[in-house]
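Here the structure comes first, spelled out in structure tokens, and everything after it is commentary.
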Amino acid sequence: MAGVDGIAGVDAVSDPSRAGRDPRRASRWAGVVRTPLGLAAVVLTLALLVLAVVAPMLWSADASAVDTDDILAGPSAEHWAGTDNLGRDIVLRTLVATRLSIGLALGATAIAVVVGLVLGTAPLLLGRRAGRAVVAGVNVAVAFPGLLLALFFAVVFGVGATGAVLAVGFAGAPSFARLVQTLVAGVAAHDYVSAARVAGVGELRILVRHVLPNIAEPLIVNATIGAGSALLSFAGLSFLGLGVQAPAYDWGRLLFEGVGSLYVNPAAAFAPGAAVLLAGLALNLLGESAAKAVGVASPGELSVAPRRRRAARATPLPGPAEPDPQADAPDLVLDVRDLHVGFPARDGRVEPVRGVTFAVRRGEAVGIVGESGSGKSLTALAVAQLLDDLADVRAERLDVLGEDLTAPGGESRRHHLGTSLAMVFQDPMSSFNPTTRVGAQLAEVARHHQGMGRREAMDRAVDRLAAVRIDDAERRVRQYPHEFSGGMRQRAMIGMGLMGSPELVIADEPTTALDVTVQQQVLDLLQAIRRADDVALVLISHDVTVVGDVCDRVLVMYAGRVVEDLPATGLTTSARHPYTRALVAAVPTMDTDLDRPLTVIPGRPVDPADVPVGCAYAARCPLASDRCRAEDPPLAGDGTAHRVACWHAGDPIDVDPGGRPLAQVEAT
């Protein structure tokens with residue numbers, strides 16, 4: 001299957017073209033360092049780290065030296081910030097406290113990151129029900145201020161440095177977990193994750209191999225910024241007496257001691273306070289600079305806005321469709337009968353695919369056309385078993401090469417689909433994991449499904465790239481997806497589908513975003529594959545002309561239903577449904593009158609959450625009658641391979657003087 005353990009994956013935040021070892025990244029980092037902000041961040045951070053290492057070695061003894069003759073002295077040339085109640089130099093103690101303060105803050109940050117990663121990835125690893133409970137808990141925790149959570153955990157874990165580290169770490173975990181949840185959800189929604197699940201790849205491996213590498217940059221950036229917040233929180237706990245305890249000391253402890261002599265020597269509190277300020281500033285500037293280098297938004301810009309879900313109405317059930325005449329053929333590859341795909345909604349169930357029935361024979365090419373939202377891609381994904389757990393797929397029959405996909409399946413089904421079915425997705429850039437070399441992604445298919453070794457699988461990948469007309473395949477397998485052009489990526493994706501021995505290829509708008517020349521090359525390649533191995537092809541497209549040229553039969557979908565099934569040769573001459581005729585009329589030809597406005601279909605496509613009673617196309621149809629608005633016509637045939645769902649199939653439509661249907665003319 002073109003989509004096993006790594007065919008797609010787009011960084012949920014950053015541009016995929018920056019994935020891999022992009023040489024431009026080094027120049028971006030250098031450019032950031034040259035800015036005042038970046039330079040200040042680097043200088044302050046390096047100074048802080050150097051001080052944390054050398055200060056205790058150089059001044060620890062002097063900072064602990066007690067001088068009872070010089071207690072609570074004011075600032076002087078000998079003691080720049082004065083002394084404390086035991087005569088110890090405050091500046092030296094502030095410098096020595098750098099190591100403990102930074103170390104504890106980084107420890108708390110590490111706890112926040114680890115706990116946040118566990119909570120943030122739980123929905124992916126645990127499944128929908130348990131994951132939903134974790135998400136709810138994180139949402140509740142995020143509602144509380146971080147310092148309040150830190151105080152709560154400090155009481156729970158007890159007074160002292162260990163308790164304070166745990167308190168600050170656990171207090172920072174919810175916000176980090178929320179960020180991880182958002183990023184993971186963005187990457188996990190791509191096709192390669194669904195394909196990997198179908199192939200039997202474990203959720204943990206999906207997480208480690210595909211999800212985390214694509215979200216690593218924003219997580220590192222936000223962890224760096226979070227370290228500054230952890231430093232301030234830890235200093236606050238120590239200042240309140242809940243953190244580091246005497247005789248140990250950090251900046252918060254020194255600040256607490258300095259406040260006691262604030263009216264006698266204000267500098268005693270100023271020195272540790274300034275250290276906290278500068279260190280926090282350094283870590284935050286470092287995070288902001290890193291964000292500019294990798295193009296990731298700062299935490300304030302990464303807001304998670306809940307999506308509003310429209311109230312759904314129960315969609316009316318269409319009349320039963322007649323079985324496809326092809327369904328009785330002995331060489332049947334795909335048999336779909338009464339397929340429904342639904343998703344849960346607030347007030348019921350949205351059903352974007354309603355009662356789809358069709359069949360595909362070996363070597364046959366079937367095209368599926370229709371406007372956006374008509375259910376074409378969902379139908380294909382349901383056949384390929386690539387829909388997520390939220391989707392409710394029901395069918396009277398859903399067979400691929402005799403395998404009943406409606407029955408419980410396991411490893412045998414995954415192997416069956418992985419070797420017999422190839423899926424070519426719409427966007428070639430999103431069809432590959434941007435952090436993994438192309439050859440490794442192709443080889444993964446052979447290693448997982450066919451049990452090949454590493455070398456044998458890579459040789460197979462080179463052979464398949466050469467088979468889809470990619471020059472210098474041995475070099476190309478070592479490159480990343482962003483190093484391929486759009487047409488090459490699309491051909492490489494087709495090559496991934498050919499790693500097995502597919503008998504059915506589903507191409508979901510494979511030529512979108514490609515120029516005309518490359519489109520033709522991709523279509524020619526699909527045709528060559530089909531003819532060479534007698535492979536069945538299902539081609540989904542918006543382009544009626546392309547489908548008419550490439551396919552043997554055409555299915556026209558509207559509002560989740562097949563409204564017409566006809567031979568491709570009769571698409572422009574024998575179409576009987578008003579919607580099909582409107583689609584054909586909307587395509588300009590060499591005979592189109594350039595002095596007249598282009599033909600359009602009036603109105604808007606039907607919202608799947610608000611399907612009207614009766615024929616869904618009635619509101620846009622020039623032939624609509626009261627029966628059309630009250631009763632949904634079934635998909636019925638006339639004894640031939642032509643089926644249509646319309647009460648007025650083939651009836652003439654009034655036209656304007658230019659020969660176009662009046663209801664399809666839009667004033668300009």
Note to self: Whether any residue in the range 66-73 is over 30 Å from V264 (Cβ atoms) and either small (G, A, S) or in the same structural domain as L240 (by TED's automatic domain parsing) (or both) is what I want to check.
What the structure shows: no
Next item on the list: From (1) in contact (Cβ under 8 Å) with a residue 24 or more places away in the chain; (2) over 19 Å from G258 (Cα atoms), pick out the condition that doesn't hold for V43.
Entry: (1)
Item checked: Checking S372 against (1) assigned to a loop (DSSP other than H, G, I, E, B); (2) at pLDDT 85 or above; (3) surrounded by 17 or more Cβ atoms within 10 Å (Cβ to Cβ), the condition it does not meet -> (3)
Check: Under the condition of being touching a Gly at 6+ places or on another chain (Cβ under 7 Å) and assigned to a loop (DSSP other than H, G, I, E, B), which residue from the range 602-655 is farthest from E364 (Cα to Cα)?
Finding: E631
Next item on the list: Could you check, for the range 309-330, whether at least one of its residues is outside any helix (DSSP H, G or I), modelled with pLDDT of 70 or more and surrounded by fewer than 22 Cβ atoms within 10 Å (Cβ to Cβ)?
Entry: yes
Notebook entry, point to check: Just to be sure, is V32 at pLDDT below 85, crowded, with 18+ Cβ neighbours inside 10 Å, part of a helix (DSSP H, G or I) and of a type in the set (A, V, I, L, M)?
Noted result: yes
Checklist line | Single condition V538 does not satisfy, out of (1) part of a strand (DSSP E or B); (2) in the same structural domain as Q450 (by TED's automatic domain parsing) | finding: (2)
Check: Of everything in the range 484-526 that's at pLDDT below 85 and among the β-branched types (V, I, T), which residue is farthest from H542 (Cα to Cα)?
Finding: I494
Next item on the list: Could you tell me whether any residue of the range 496-505 is touching a residue at least 60 places away in the same chain (Cβ under 8 Å), within 25 Å of R447 (Cα to Cα), within 25 Å of the chain's Cα centre (by Cα) and assigned to a helix (DSSP H, G or I)?
Entry: yes
Notebook entry, point to check: If you check V356, V360, which single one turns out to be at pLDDT 90 or above, surrounded by 19 or more Cβ atoms within 10 Å (Cβ to Cβ) and closer than 26 Å to R627 by Cβ?
Noted result: V356
Next item on the list: Could you check, for the range 652-659, whether at least one of its residues is surrounded by fewer than 17 Cβ atoms within 10 Å (Cβ to Cβ), modelled with pLDDT of 85 or more and either over 42 Å from the mean Cα position of the chain (by Cα) or on the phi < 0 side of the Ramachandran plot (or both)?
Entry: yes
Check: Hey, among the residues in the range 445-465 that are surrounded by fewer than 16 Cβ atoms within 10 Å (Cβ to Cβ) and of a type in the set (G, A, S), which one's nearest to L537 (Cα to Cα)?
Finding: G451
Note to self: I'd like to know if the range 377-394 contains one or more residues that are more than 27 Å from the chain's Cα centre (by Cα) and of a type in the set (V, I, T).
What the structure shows: no
Margin query: Being under 30 Å from G497 (Cα atoms), within 34 Å of the chain's Cα centre (by Cα) and of a type in the set (D, E) is the requirement here; does D543 meet it?
Written below: yes
Next item on the list: Out of the residues in the range 601-616 that are at negative phi and of a type in the set (G, A, S), state the one that is nearest to the chain's Cα centre (by Cα).
Entry: A609
Checklist line | Residues being surrounded by 13 or more Cβ atoms within 10 Å (Cβ to Cβ), assigned to a helix (DSSP H, G or I) and of a type in the set (V, I, T) - total across the range 54-72 | finding: 1
Next item on the list: Report yes if some residue within the range 530-548 is surrounded by fewer than 18 Cβ atoms within 10 Å (Cβ to Cβ) and of a type in the set (K, R); otherwise report no.
Entry: yes
Item checked: Sole residue being buried (at least 22 other Cβ atoms within 10 Å of the Cβ), in contact with an Asp or Glu (Cβ under 9 Å, 6 or more places away or on another chain) and among the hydrophobic types (A, V, I, L, M, F, W, C), chosen from L417, L405, L442 -> L417
Item checked: Filter result for E474 (under 28 Å from L387 (Cβ atoms), among the charged types (D, E, K, R) and either surrounded by fewer than 22 Cβ atoms within 10 Å (Cβ to Cβ) or within 23 Å of the chain's Cα centre (by Cα) (or both)) -> no
Notebook entry, point to check: Here is a list of conditions, (1) in a helix (DSSP H, G or I); (2) of a type outside the set (D, E, K, R); (3) under 23 Å from L240 (Cα atoms), and F144 meets all of them except one; can you say which number that is?
Noted result: (1)
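The values are calculated or read from the model by the stated rules, or taken from the named source; none is laboratory data. Everything quoted here is computed from the prediction, not taken from an experiment. Reconstructed Cβ throughout: ideal geometry from the backbone, glycine too, with neighbour counts over all protein chains shown.
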